1. Work out how much length residue 24 to residue 420 would gain on full extension: take 0.36 nm times their residue separation and subtract the Cα-Cα distance, in nm to one decimal.
2. If we sort 169-180, 114-125, 35-46, 138-149 on the protection proxy, mean other Cβ atoms within 10 Å, highest first, what's the order?
3. What is the Cα radius of gyration of the range 3-181 over 2.2 N^0.38 Å, N being its residue count?
4. When you count, for each residue, the other Cβ atoms within 10 Å and take the mean per peptide, how do 314-321, 93-100 rank with the highest first?
5. Under the classification rounded if a/c is under 1.5, otherwise prolate if a/b is larger than b/c and oblate if not, where does the range 314-414 fall, given a ≥ b ≥ c as square roots of the Cα gyration tensor eigenvalues?
6. Out of all Cα-Cα pairs in the range 5-110, roughly what percent, to the nearest whole number, are more than 19 Å apart?
7. Please state, rounded to one decimal and in Å, the Kirkwood hydrodynamic radius that the range 88-134 gives when every pair of distinct Cα atoms enters the mean of 1/r.
8. Starting from the 7 Å offset along Cα-to-Cβ, what nm value, one decimal, do you get for the label separation of residue 396 and residue 309?
């Protein structure tokens, strides 16, 4: 039976790749082109074994075994099957549980059923030694692949290496065809990618420590000078009220699925977007925003207008066919980056609204996303594995990025609509 199967321990493959490229086995330090990686694994397996690929099994851990964005993309690729173990946190470190057992079970079952002639193992864990030996006893040739170690030493169990029929090392040149080092400048102690200046700006912009009226931008103008200059200073749960009052418990922000005050970005969002303040021309320094609490809406300044409150949510404008297409796009094309998620949601919302006047109406409400739309936006974002483990809340920085992405897309579309109407 001239078929081969590849079993990939993603924790080993990507962790070793991170060690090779970044000097530490931290997967956030690298970016992966999964489609290119899968294609490279397939081509190398078929070349090494001389067999046609039957399937690639991708074994990885995930919190509560909930598929993450990369797992969603992988499992819809041809000839790829994803198997998830648990990802648990202990003593401040994440650890996979059940991945080795799942690989062992798949390895022995494939060999016992003579489903293939050759099996490629991409792993370094000695716990798979019994499964490897069992596969050999069933007449299967076992190929063991290693990722080149940064220090030139072994990063695999010596017993596995000794028992494998064939061994190959995936060197730096092969790895870097689909894996890249993520440049991470420090920003307020939160690592961010150098390729995402919008998110870096959100995280690095200083919080205001002076009253809005006294704040000046780098070019000496006040915060309401013009679009694209200076930092907006708004009344948000992160920086207190515009009247410098301390928020009490009853004023605390109502938590959506992602937590945080509904639709209220922080000043860092405003810095990234270049918006001067609430409203199309930058509201007065004493302007306040509407908060929510478990006891109902708390009015701080002008409330949400009936026209804004009546804006439809995405679900109300989405047909069954569009919903199916949205899910396909989410699975195959959307990376799950929080900023991108906000932009994708806003794009769909604006396209289906198809009413420039109402789009301008929403844009004029900046920085407040109407609470119904904001709640749906955060629920939509939760699909992408952005919920913090065990807390059922989206990380604070991710919420800011989601909303900033939403406003970036709305701004772009509102500007385009204005330009078309002026011609």
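1. 137.5 nm
2. 114-125, 138-149, 35-46, 169-180
3. After normalising by residue count via 2.2 N^0.38 Å, the value is 0.96.
4. The densest-packed peptide leads the list: 93-100, 314-321.
5. oblate
6. Here the long-distance tail beyond 19 Å is 47 percent of all Cα pairs in the range 5-110.
7. 12.0 Å
8. Using points 7 Å along Cα→Cβ, the separation is 3.0 nm.
Quick note: the coordinates plus some simple rules give every number you see, no bench work behind them. The structure presented is a predicted model; accordingly, all values stated were derived computationally and were not measured. Here the Cβ is made from the backbone with ideal geometry for all residues, glycine too, and neighbour counts use every protein chain on show.
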